[in-house]
Amino acid sequence: MEMAARLPALLPRLAAIVLLGLALTATLTYAAGRNLSAIRAPAAAAPAEPTPLVVPDVRNQAFVFAKGSLEDAGFAWQVDGSVHGYSSNTVVGQTPAPGTKIVDTGAPLVTLTLRRTGGYAETGAAEDASPYAATPVRLVSPLGPAAPATTTTTAAATTQATTTAAPAAPAAPAKTAVKTAPKARWPQHRPPAFTVAGARAEPLNEMPLPDRAQALRSWLEAHPHKTRANVAHWLYQNEWIVAGAKLGWWRGAAALATLVAVDRRTQQLWGVGAQSAGLAERALGEVQSRSK
């Protein structure tokens with residue numbers, strides 16, 4: 001009876017407790033919702049931009065060196081104009097211009113204009129196009145890649161960022177390294193046998209012509225079977241040696257004498273090389289006459 005009498009007085013207190021509990025629950029739910037809504041999914045990574053190709057400057061180079069530089073840089077090439085693709089001819093113009101940034105479409109095309117050099121006879125078939133198909137030329141957009149998207153900072157990250165980090169210990173001063181000049185791999189004093197007006201000087205970072213001819217001899221013995229890749233390598237080395245010797249490069253006559261023997265050995269191993277041996281022999285005669 002006493003409990004029943006007190007019940008009306010307790011009901012207001014119980015109602016107040018229930019309402020307070022509901023208010024606290026709603027507040028926690030709202031705060032949790034705010035925290036969850038602040039979290040954003042990480043932005044999708046933008047696809048990596050392909051590295052553009054940069055057109056090398058091959059002007060004033062012998063054609064044999066120019067086409068090698070273009071192929072090494074990932075370009076196809078073609079010769080335009082009345083002067084055709086013979087190894088000792090000189091590049092006087094190119095399109096696109098040197099330094100142009102090109103989208104790597106596979107083998108973008110560079111067009112060359114040549115002039116005859118040294119008055120040498122142009123024998124054999126001219127090379128007016130690269131040995132592989134060219135792909136379209138597309139210039140790199142000057143705008144560059146789009147800036148990365150910004151992300152929303154989460155409440156948790158903001159809280160962590162406000163925490164003061166312990167100061168890092170000062171780094172010890174770096175020791176200055178003593179730089180020494182690298183030793184040259186090849187002889188740097190290579191007086192020319194003769195000079196050709198407007199011709200490219202011998203590059204001192206490349207092996208001398210006699211060493212190149214000896215290297216080709218050793219390479220041939222290690223590759224006794226005729227393949228497309230082997231023939232391409234052998235022809236390129238032939239052209240380099242003949243063109244360099246015709247430009248008066250150091251000890252070109254000695255290199256050509258070795259090359260003649262290499263080409264005769266090529267005939268024995270592969271069944272080809274007679275034409276190249278004839279070209280090397282004629283070049284040897286020309287170089288010897290000009291070296292006197």
Query raised in the report: When you go through (1) free of Cβ contacts under 8 Å to residues at least 40 places away in the same chain; (2) farther than 20 Å from E127 by Cβ one by one for Q237, which number turns out not to apply?
Result: (2)
Query raised in the report: Going by the conditions given, is V83 outside any loop (DSSP other than H, G, I, E, B), within 14 Å of R116 (Cβ to Cβ) and open to solvent by less than 40 Å² (accessible area, probe 1.4 Å)?
Result: no
Requested in this report: Quickly run through region 211-241 and pick out the residues that are outside any helix (DSSP H, G or I) and touching a Leu at 6+ places or on another chain (Cβ under 9 Å).
Outcome: H223, P224, H225, K226
Query raised in the report: What do you reckon, is G244 among the small types (G, A, S), assigned to a loop (DSSP other than H, G, I, E, B) and in contact (Cβ under 8 Å) with a residue 12 or more places away in the chain?
Result: no
Query raised in the report: From E221, E281, E239, which residue is over 28 Å from the mean Cα position of the chain (by Cα), open to solvent by 20 Å² or more (accessible area, probe 1.4 Å) and within 24 Å of E202 (Cβ to Cβ)?
Result: E281
Report task. Inspect region 192-212 for any residue being modelled with pLDDT of 90 or more, small (G, A, S) and farther than 25 Å from R290 by Cβ and give the result as yes or no. Result -> no
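The values are calculated or read from the model by the stated rules, or taken from the named source; none is laboratory data. Bear in mind that the values here come from a model prediction, so they are computed numbers and not experimental data. In this analysis, Cβ positions are derived from the backbone assuming ideal geometry, glycine residues included, and neighbour counts consider all displayed protein chains. Just so you know, the surface numbers come from the protein's heavy atoms only, side chains and all, with ligands and any DNA or RNA stripped out. Shrake-Rupley method; radii C 1.70, N 1.55, O 1.52, S 1.80 Å.
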